[in-house]
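Mind having a look at this structure? Questions to follow.
The values are calculated or read from the model by the stated rules, or taken from the named source; none is laboratory data. Note that the structure is a prediction, hence the values are computed from the model and not measured. Cβ sites come from the backbone with ideal geometry, for glycine too, and all protein chains shown count toward neighbours. Heavy atoms of the whole protein, side chains included, go into the accessibility calculation; ligands, DNA and RNA do not. Shrake-Rupley method; radii C 1.70, N 1.55, O 1.52, S 1.80 Å.
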Amino acid sequence: MKLPFLLIAGLALGVASALHAEESAKEIECVKTSTFLAPPDSPDHRQYVPDRAINVLNLAIDVTPDFTKRTVTAKTTIKFKPIAMPLPELALDAVDLRVTSVQSSATMLEYQVTDTKIMVTFAQPIPADKEAWVAVEYHAEPAKGLYFRTPEMGYRPGDTHLFTQGEPIEARHWYPCPDAPNQKFTSEITCRVPEGMTVISNGRKGSETTDAATGLVTVTWRQEKPHANYLISLCAGYFEKLEDRYRDIPLAFYTPPSDINEAMNSFRDTKDMMAFFEEEIGVPYPWPKYDQVVVNDFVAGGMENTSATTLTDHTLFTDATENLRSSQGLVAHELAHQWFGDLVTCKDWSSLWLNEGFATYYAHLYDGHKHGRDFLLYGLYNSARGIVNRTDARPIVERKYDQPGEMFSYLAYQKGGWVLHMLRSQLGEDLYRRCIKTWLERHAYGSVVTEDLNRVIEELSGRSYDQFFDQWVYHGGVPDLEATYAWDARTKLARVSLKQNQRLGEGVLLFNFPLTVRFKTKSATVDHAITVKQKSEDFYFALAEAPIIVRIDPEYTLLARVKFDPPAAMLDAQLADQADVIGRLLAVEALGRKRDKDTVVKLKRTLNNDPFHGVRVEAAKALRTIHSDEALDALLASTKQPDARVRRQVFDAIGGFYHEKASAGKTAGLKEEKNPDIQAAIIEELGGYPHAEVREILRQSLNSTSYRNAVADAAVRALRRAHDPTWIEPLMHNLRSRQADYTSRGFASALDTLAVLARDEAGQREEVREFVVVYVNDPRRPVRVGALNALGTLEDQRAVAVLQKFSLALAGSPEHRAATNALHRIANAKRPLEGLGNLQTQVLDLQKENHELRQSFKTLEQKLDALTPTLAPPRKSTPALTSPRGRAR
Ligand SMILES: [Zn+2]
């Protein structure tokens, strides 16, 4: 799939986390088919692929976009043959298409258009295997599936374009189709655009002609090999491009014209990746060309449309960020999909890992090819850390979901990638490659399930992999491994005890896996292979001498949470072992749990001297975790790092301390720093300091100019941390006067910051609400959604009326979700409505008090009566004794 932002952030070597906010922008609609055996809220609810009544042979779309009205006029023709049975009626997925005509090669009785389908009823059922066609003419103003980017929407005038997004089931919003991944067909797109625009689509470019009558340029693209419906793509508009060639395959990289200067940074590695993947996979690149198209505010990170990948503009970067940013992970991921996902495709969304796990893992493999094995292992290490501490026990292959979008999670991506790494480690590289090549060749242009992969592996390896897939793919969880080590000097036996502590149950099995235990002595390295399959097991190893290092899984072949605390001397030896990057990373992790001065010295040494940048980065993080004065001093003395990745981490770690020295160190660092991403990291963390000097830095940064406004964005995040209402006016002024400098997402997050600052400021909340509310109708979706979120953050009851409109009008959309969440926030905050709300409360309080006083007065009266039966009745107005007014004071 399109890679969610969260995942790209990880792949792009640590691009600022600001990217991930829009993951939720993905909207998916439930596939309502007869394949639901139980209603979605039932525990037995499961999803299965829909029936295929027809074999689609070809799908052709002839579309004319109107960039001003943001609509399309189109005709879609589907050529097909009924499968096995005569076909009385054809049902196509189609949402909100205004159909003007339906024609067919067969005589039609009638056609019906519902909100989600077009149903064509034939006079006579079309016989099985007889070729037929249906053509639908329609207009559409797509709410999803096809997206415009125009000046009216706030995008640069010279950059006008549109793009489509099919996966998982959005295509039906702009053309009628059988919208499921379990069938493949050839496709053709004809698009009519104003002169000067470029049209990019799947496959081979056919004709390009100009229509004398309309002046429009008509461009046709043909996808001559069958592919899945969700991979059909159209990008049209003003683009510039870079070109290259790998063998006879043309490569192109398109961006909106104003972004072309940054294109080469992202395009550069494509050719090398293509060569690497062909070599590694063993199957030639399957399509006639490879285009990558960068579009504005893409709905995800990237989308692997067949031979025509779409990428987010957030992947672009300048040289000034040194090695902090890279498109390599994203570009490799989408390119790997051209084999895994496009050539062979998951049969349904429950098998999504066969697309995403492969794309994720092959991007790791490319890391290893380009930067060395340590880099590959560091990628897997970071990926594993995002998996092993999760508590959910969902399996990778899962039929219980409501919407296909739920399957696009860490299970399909990271855990799927790790499953492949374990397979490759167990089979060995050569056998693994043969399996993957055979699997791809056998299922080329078809759809696959996990069993297809299992079958090939069993066939070629002769080994049974049923248990492997059962525990890793069809069941959830990972081994929670606890290891202890002891040395018996008399018998020269090393004992390693292993326990599997994961909670067993229906969802999680006891794991069976091969494991290597490595002993390093002064003179030798000895590996012992064992199989772990019990809940608790002891293993004994005869060694010539006591080891100085004991390593569990030294080659990093097992996805597991491993608890193993070797003695301090062993940890030191492990930290010094230049040949074992994972050993050093684990040693740094273990040291981060100690607090003594000696540990700080070791980590400082590692931070400044380890040969691998990832270990240096982790050492800086460990010092932050230790959080002692010595740790801060060690970080402050280590700011002059030549590698930007380490330097940023050092400043980030210093930001974890609230200390005058930390503030001074960062301010000093900022003066020398040229890298905008590191400047941003420093500025963001300064927000917590109330110094005049910091305030001046924030003011300047807020008004600074930088690529994609990165530095000003950081200042906005700092203001959020500062939580100082005196920033409300300057920020509002900045947003008003410099809106064009902000990215949509940067602007959206600034609106939210504004709401945070004003939330507790009764005097300014109204002004901020009025400012924010203007943007709920902004033409750019990220800004609209950001404004709705900000109204929730503001917790202002007076925003309820606006939010309710969005919560009712656009069910299922990001606006709907944002508005609903905002309403919940406001309801939970229970803030009184200003003015009237407070008055009401006061009145209620007074009424209650008054009532209590009357009660007391009555009681006292009664007591007095009882005590003084012979006295005259007390005078009710006696102020000294019981006046409610008197007590009320
Ligand atoms: Zn993907």
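Using the Cα centre of the chain as origin and beta-carbon charges of +1 (Lys, Arg) and -1 (Asp, Glu), tell me which of SER104, ALA829, TRP472 is placed farthest towards the positive end of the dipole.
Comparing the listed Cα positions along the dipole, ALA829 ranks first.
Any idea which of HIS227, ASN265, VAL293 is furthest toward the positive side of the dipole for region 217-302, if Lys and Arg beta-carbons carry +1 and Asp and Glu beta-carbons -1?
The one lying farthest along the dipole's positive direction is HIS227.
For LEU109 and ASN828, compute 0.36 nm times the residue count separating them, minus their Cα-Cα distance, and round to one decimal in nm. Walk me through the numbers before you get to the answer.
Working: separation 719, 0.36 × 719 = 258.84 nm, distance 5.53 nm.
Stretched out fully, the LEU109 to ASN828 stretch lengthens by 253.3 nm.
When you count, for each residue, the other Cβ atoms within 10 Å and take the mean per peptide, how do 708-715, 318-325 rank with the highest first? Please report the intermediate quantities before stating the final value.
On the way: 708-715: 24.4, 318-325: 17.4.
Ranked by mean Cβ neighbours within 10 Å, highest first: 708-715, 318-325.
Check the straight Cα-Cα distances from LYS499 and name the aspartates and glutamates below 12 Å, setting aside those fewer than 8 residues away within the same chain.
Correct list for LYS499: ASP480, GLU482, GLU537, ASP538.
Restricting the count to DSSP beta bridges whose residues both fall in region 458-602, what percent are antiparallel, rounded to a multiple of 5? Kindly include the intermediate steps, with their values, before the conclusion.
Details: 27 of 30 bridges.
Taking every DSSP beta bridge within region 458-602, about 90 percent pair in antiparallel fashion.
Go ahead and estimate [θ] at 222 nm for the chain from helices alone: -39,500 (n - 2.57) per DSSP H run with n ≥ 4, summed, over the residue count, rounded to 500.
Values: 29 runs with 340 residues, N = 889.
Taking each H run of at least 4 residues, the total per residue is -12000 deg cm²/dmol.
Another question, if that's okay. Run a plain Debye calculation on region 520-663 (Cα atoms as equal point scatterers, no solvent) and give log10 I(q)/I(0) at q = 0.12, 0.14, 0.18 Å⁻¹, rounded to two decimals, same order as the q list.
-0.55, -0.71, -1.01
Strictly over 27 Å apart at the Cα level, which of LYS205/LYS437; LYS241/LYS370; LYS347/LYS415 would you flag in this model? Walk me through the numbers on the way to the answer.
Working: LYS205/LYS437 29 Å; LYS241/LYS370 25 Å; LYS347/LYS415 19 Å.
Over 27 Å Cα-Cα: LYS205/LYS437.
Now, a different point. Report the semi-axes of the equivalent ellipsoid for region 235-312 in whole Å, largest first, where each axis is √(5λ) for an eigenvalue λ of the Cα gyration tensor.
Numbers: eigenvalues 100, 35, 24 Å².
Each semi-axis is √(5λ); the values are 22, 13, 11 Å.
Please enumerate, by chain and number, the lysines with C-alpha under 30 Å from the C-alpha of LYS492, excluding those fewer than 8 residues away in the same chain.
Output for LYS492: LYS520, LYS522, LYS533, LYS535, LYS563.
Taking all pairs of different Cα atoms in region 396-538, averaging 1/r and flipping that mean, what Kirkwood radius in angstroms comes out? Walk me through the numbers on the way to the answer.
On the way: mean 1/r = 0.0564 Å⁻¹.
Over region 396-538, the inverse of the mean reciprocal pair distance is 17.7 Å.
OK, next. So how far, in whole Å, is the C-alpha centre of region 48-91 from the one of region 274-307?
25
What are the lysines whose alpha-carbon lies under 24 Å from the alpha-carbon of LYS666, with same-chain residues fewer than 8 places away excluded?
Filter leaves LYS597, LYS602, LYS604, LYS621, LYS640, LYS674.
With a/c under 1.5 counting as rounded, go ahead and sort region 709-752 into rounded, prolate or oblate using the C-alpha gyration tensor (a ≥ b ≥ c being the square roots of the eigenvalues; past the cut-off, prolate if a/b is larger than b/c, else oblate). Could the numbers behind the result be given before it?
Working: a/c = 1.95, a/b = 1.36, b/c = 1.44.
Cα axes put region 709-752 in the oblate bin.
Dipole magnitude of region 162-308 about its Cα centre, charges +1 at Lys/Arg Cβ and -1 at Asp/Glu Cβ only, in debye to the nearest 20?
So the magnitude is around 440 debye.
Can you tell me which of 411-422, 604-615, 526-537, 331-342 comes out highest on packing, and rank the rest after it, using the mean Cβ neighbours within 10 Å? Let's see the in-between values first.
On the way: 411-422: 24.8, 604-615: 18.7, 526-537: 13.0, 331-342: 26.7.
Per-residue mean Cβ counts within 10 Å order the peptides as 331-342, 411-422, 604-615, 526-537.
Would you kindly derive the ³J(HN,Hα) couplings of region 493-506 from the backbone phi angles with the Karplus curve 6.51 cos²θ - 1.76 cosθ + 1.60 (θ = phi - 60°), listing them in order in whole Hz, with x for Gly and Pro?
Couplings: 10, 9, 10, 10, 9, 10, 10, 9, 9, 4, 6, 7, x, 4 Hz.
Give the share of C-alpha pairs in each 20 angstrom bin for the chain, from 0 to the last occupied bin, in whole percents, shortest bins first.
Reading the bins upward from 0: 13, 39, 33, 11, 4, 1.
Highest first, please rank the peptides 587-598, 166-177 by the mean number of other Cβ atoms sitting within 10 Å of their residues. Before the final figure, lay out each step's value.
Numbers: 587-598: 17.5, 166-177: 27.0.
Result, highest mean Cβ count within 10 Å first: 166-177, 587-598.
Follow-up question, since we're still on this one. Could you let me know the centre-to-centre spacing of region 366-380 and region 771-815, using Cα atoms, in angstrom?
43
Roughly how big is the chain's charge dipole about its Cα centre, with Cβ charges of +1 (Lys, Arg) and -1 (Asp, Glu), in debye to the nearest 20? Spell out each step's value before the answer.
Working: 108 positive and 116 negative charges, 457 e Å.
Dipole magnitude for the chain comes out near 2200 debye.
Something else about it: First compute the accessible area of the chain with a 1.4 Å probe, then give the percent of it belonging to carbon and sulfur atoms. Intermediate values should be presented prior to the final figure.
Values: 19070 of 37370 Å².
Using a 1.4 Å probe with all protein chains present, the chain comes out at 51 percent carbon and sulfur.
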